[in-house]
Amino acid sequence: MFDRVVAVLVQQSLDDVGTPLAEVTFTVLDLETTGTSPGTSSITEVGAVKVRRGELQGTFQTLVDPGEPVPAFVRLLTGISDDMLVEAPPIETVLPSLLEFLGDSVIVAHNARFDVGFLNAALTAAGYEPLTNRVVDTAKLARKVLAGEVPNNKLSTLVSHLRCPHTPTHRAYADAVATTDVLHHLIERVAGFGVVTLEDLLAISRSRLDGTFAKVVLADDLPHGIGVYRFLGAAGNTLYVGKATDIRSRVRSYFYGDPRRKIRDLLHETQSIAVQRHASMLEAEIAEAAAIAREMPPYNRVGKSRPTWYVRVVIRAKVPKVAAARTSRADGSIYLGPFPSATTRILIDAFRDALALHRCSQPERCRGCAFAELRTCTGTDAGAHRRQIATLAVALQTEPGLLLGPLAARMLHLATQERYEEAAELRDRGALLERSVHRHLEAQALLDAAEIVVRSGGRAFLLREGRLAGAMDASETSDEDVTASLLRADASETEAPDDGCDRREAAIINAWLKRTDDARLLHVRGPWSQPAGARPRAMFRPAQTDAATSIKRSRARPAAPESMASAAP
């Protein structure tokens, strides 16, 4: 049983939860301009109010010479005329003092994209860098907090609805003061939903205010770093399992406006969150998959279903054949799967599209069956059928091109005959076959390998028969033999074989090997081969050069583009 860290609904220390709003300095900014586009219009007035803990810290206001006549509609709207701007400084003169006033405070504006966009355009034109301050948009915040209460989110509407003491007049300073009133009212509103930090306030525009956001404090005690997290219900039952490179950040993101109704329902039911720390993403992914399969959490969709059908290729029998099977056995047959039943049927059809296989149920007794009359059955030629089964076996073990090549040729033939619907169906079956065979070869390679030792990021991993048997910190160990010995000594006992679970774990390991750039092969015992075409970059730099532990890379041959790169004893 793993150690759990459970976060409870209590307020944590301020260092853990972010920057308290009481410690944040806000600068509420408003601009008046000659138009709506920074590219064709200019600033005519700047107004700003600096506040902290609701108290006034300073003000900034000035008219600005736009360098062009003020349009008539702007004069009517703002009351700013050309005569008023005759002695006003240009924006280049205003910017240094405005930047000093802003400092590193959080900028607040109503429809902030407009004001910040104009200011950044002026800064760029004057040779300054764009603003890097964090920005709060009161219009977006009101749209979330006051949804359904107000007909629109205009500043004048909000001021009236919230009964603010100051009224906007389309002048920069007056509008900045009114926006400050609106900001303080909105902060009071969101405090009831558990928003007490700047980080929460910045995210609230994307969040749900339906009673679930207050539970964001469940993540306050969670650690940063790699691991598996569980959302738990009132009875401690697992609702959802996930993995993350940063547990705390990932869990908090669920409260920041995921639009899916399923996530909303999950958050409503969640009462605590448990985490399981891991030293690497590979260990976390395997633990996540095992937890989902074992605990069957209701809000996980992927990983719970267990397909139980296989495509069985019988080769060591009096009458070789292809058929569907419910389980895989060690009977000398080749098993491809597990799959859902529908996928199994499609793959068998794809085999028959590529090779001349019997379609009747008893190929040893076939005497001109209906399939033979349609030229889709090999008829009485048992030898030809046996040879086709042998070709299929080779294709599923080493040379997928023996299947994919004929399918591609047949698809092109159908297309040239303008039989596009048939060609499309064949294309889909071929794509499914290609993916299935490729995954089968990758998983089977690991399942057939007796022992593999891989090192990545200062950590070493022991793989046995497609499963992660052990892992350790190898950052202080340079001797590869010592690393392998320590791993073997601490390796966990292999559980009873479960072909479906083993293949899922092998698939996780293969995906990790593909995306890990610094993975280094230390040791291989037993045969191990991987499709060369599946590896666009070198996965390993062999630690030893002898044939027992190095990967022999082979070039793809024209007849078999999925040729194998192998490691053999």
Problem - Residues (part of a helix (DSSP H, G or I), surrounded by 15 or more Cβ atoms within 10 Å (Cβ to Cβ) and not hydrophobic (A, V, I, L, M, F, W, C)) located in the range 131-155 - result: THR138, LYS140, LYS144
Problem - Those residues of the range 438-454 which are buried (at least 22 other Cβ atoms within 10 Å of the Cβ) and at pLDDT 85 or above, in sequence order - result: ILE452, VAL453, VAL454
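Got at least one residue in the range 354-363 being open to solvent by 40 Å² or more (accessible area, probe 1.4 Å) and either in a helix (DSSP H, G or I) or at pLDDT 85 or above (or both)? Even if it seems obvious, please write down each step before you answer.
Pass one, the range 354-363, residues open to solvent by 40 Å² or more (accessible area, probe 1.4 Å): 356, 359, 361-362.
When the remaining residues are screened for being either in a helix (DSSP H, G or I) or at pLDDT 85 or above (or both), the result is none.
Looking for residues that are open to solvent by 40 Å² or more (accessible area, probe 1.4 Å) and either in a helix (DSSP H, G or I) or at pLDDT 85 or above (or both), one finds none in the range 354-363, hence no.
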Handout entry: Hits in the range 455-473 - residues which are part of a loop (DSSP other than H, G, I, E, B), more than 22 Å from GLY337 (Cβ to Cβ) and open to solvent by 30 Å² or more (accessible area, probe 1.4 Å)
Key = GLY457
Practice task
Report, ordered by the first and then the second residue, all pairs with beta carbons closer than 9 Å, sequence separation of six or more or different chains, a first member in the range 127-152 that is under 20 Å from PHE26 (Cα atoms), and a second member that is of a type in the set (Phe, Trp, Tyr) and at pLDDT 90 or above.
Solution key: VAL136/PHE26
Completion exercise
In the range 474-516, residues that are at pLDDT 80 or above, of a type in the set (D, E, K, R), under 21 Å from ALA443 (Cα atoms) and open to solvent by 30 Å² or more (accessible area, probe 1.4 Å) total 3
Practice task
Name, by its number, the condition in (1) over 19 Å from ARG345 (Cα atoms); (2) modelled with pLDDT of 85 or more; (3) assigned to a helix (DSSP H, G or I); (4) charged (D, E, K, R) that does not hold for GLU434.
Solution key: (1)
Exercise for the section: Starting from residues that are part of a strand (DSSP E or B) and out of contact with any Ser or Thr (no Cβ under 9 Å at 6 or more places or on another chain), keep the ones in the range 39-69 and report whichever is farthest from LEU123 (Cα to Cα). Expected result: GLU55
Fill in the blank from the handout: Given the conditions (1) open to solvent by 70 Å² or more (accessible area, probe 1.4 Å); (2) of a type in the set (Phe, Trp, Tyr); (3) not in a loop (DSSP other than H, G, I, E, B), every one holds for TYR128 apart from (3)
Handout entry: Residues (in contact (Cβ under 8 Å) with a residue 24 or more places away in the chain, open to solvent by 50 Å² or more (accessible area, probe 1.4 Å) and not in a helix (DSSP H, G or I)) located in the range 70-103
Key = PRO90
Practice task
Of the conditions (1) modelled with pLDDT under 85; (2) open to solvent by 40 Å² or more (accessible area, probe 1.4 Å), PRO338 clears all except one; give me its number.
Solution key: (2)
Exercise for the section: Please list, ordered by first then second residue, the pairs with beta carbon atoms under 6 Å, 6 or more apart or interchain, first in the range 236-258 and over 18 Å from ILE292 (Cβ atoms), second in a loop (DSSP other than H, G, I, E, B) and open to solvent by 30 Å² or more (accessible area, probe 1.4 Å). Expected result: THR245/ILE226; ASP246/HIS224; ARG248/HIS224
Handout entry: Residues that are open to solvent by less than 20 Å² (accessible area, probe 1.4 Å), outside any loop (DSSP other than H, G, I, E, B) and either at pLDDT below 95 or farther than 30 Å from HIS268 by Cα (or both), drawn from the range 182-203
Key = LEU186, VAL190, THR197, LEU198, ASP200, LEU201, ALA203
Handout entry: Residue list for the range 293-312, filter: modelled with pLDDT under 90 and crowded, with 21+ Cβ neighbours inside 10 Å
Key = TYR310, VAL311, ARG312
Handout entry: Hits in the range 315-335 - residues which are of a type in the set (D, E, K, R) and either in contact with a helix residue (DSSP H, G or I) (Cβ under 8 Å, 6 or more places away or on another chain) or open to solvent by less than 40 Å² (accessible area, probe 1.4 Å) (or both)
Key = LYS318, LYS321
Practice task
Please state which of the following conditions LEU522 fails to meet, knowing it meets all the rest: (1) modelled with pLDDT under 55; (2) farther than 30 Å from THR391 by Cα; (3) touching a Ser or Thr at 6+ places or on another chain (Cβ under 7 Å).
Solution key: (1)
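So, of the residues in the range 69-127 that are among the acidic types (Asp, Glu) and farther than 30 Å from PRO20 by Cβ, which turns out to be modelled with the highest pLDDT? Step through it out loud before you land on a result.
Step one: of the range 69-127, the residues among the acidic types (Asp, Glu) are 82-83, 87, 92, 100, 104, 115.
Add one more test, that the residue is farther than 30 Å from PRO20 by Cβ, and what stays is 82-83, 87, 92.
Numbers: ASP82: 92, ASP83: 92, GLU87: 92, GLU92: 95.
Taking the candidates together, the pick is GLU92.
Working carefully through the options ALA279, ALA244, ALA287, find the one that is surrounded by fewer than 17 Cβ atoms within 10 Å (Cβ to Cβ), among the aliphatic types (A, V, I, L, M) and within 26 Å of ALA460 (Cβ to Cβ).
Numbers: ALA244 fails: surrounded by fewer than 17 Cβ atoms within 10 Å (Cβ to Cβ); ALA287 fails: surrounded by fewer than 17 Cβ atoms within 10 Å (Cβ to Cβ).
Result of the check over ALA279, ALA244, ALA287: ALA279.
LEU402: over 21 Å from ASP518 (Cβ atoms), modelled with pLDDT of 85 or more and open to solvent by less than 50 Å² (accessible area, probe 1.4 Å), yes or no? Quick ask: steps written out before the conclusion?
Numbers: over 21 Å from ASP518 (Cβ atoms): yes; modelled with pLDDT of 85 or more: yes; open to solvent by less than 50 Å² (accessible area, probe 1.4 Å): no.
For LEU402, the condition - over 21 Å from ASP518 (Cβ atoms), modelled with pLDDT of 85 or more and open to solvent by less than 50 Å² (accessible area, probe 1.4 Å) - is not met.
Any idea how many residues of the range 156-169 are in a helix (DSSP H, G or I) and crowded, with 17+ Cβ neighbours inside 10 Å? So that I can check it myself, show each step before the final result.
The first filter runs over the range 156-169 and keeps only residues in a helix (DSSP H, G or I), leaving 156-162.
Next, from what is left, pick out any that are crowded, with 17+ Cβ neighbours inside 10 Å: 158-159, 162.
Selection size over the range 156-169: 3.
Of all residues being touching a helix residue (DSSP H, G or I) at 6+ places or on another chain (Cβ under 7 Å) and either exposed (fewer than 15 other Cβ atoms within 10 Å of the Cβ) or closer than 30 Å to ILE273 by Cα (or both) in the range 18-38, which is modelled with the lowest pLDDT? Just the residue, please. Show your work before the answer.
Start the filter on the range 18-38 by keeping residues that are touching a helix residue (DSSP H, G or I) at 6+ places or on another chain (Cβ under 7 Å), which leaves 18-21, 24, 26-34, 38.
Keeping just the survivors that are either exposed (fewer than 15 other Cβ atoms within 10 Å of the Cβ) or closer than 30 Å to ILE273 by Cα (or both) gives 18-21, 24.
Working: GLY18: 70, THR19: 86, PRO20: 89, LEU21: 91, VAL24: 95.
Taking the candidates together, the pick is GLY18.
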Practice task
Looking only at the range 252-269, decide whether some residue is at pLDDT 90 or above, touching a strand residue (DSSP E or B) at 6+ places or on another chain (Cβ under 6 Å), in a helix (DSSP H, G or I) and open to solvent by less than 30 Å² (accessible area, probe 1.4 Å).
Solution key: yes
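The values are calculated or read from the model by the stated rules, or taken from the named source; none is laboratory data. Just so you know, these numbers come straight off a predicted model, no measurement behind them. Cβ coordinates were reconstructed from backbone atoms using ideal geometry, including for glycine residues, and neighbour counts include every protein chain displayed. Note: areas computed on protein heavy atoms with side chains; ligands, DNA, RNA excluded. Shrake-Rupley method; radii C 1.70, N 1.55, O 1.52, S 1.80 Å.
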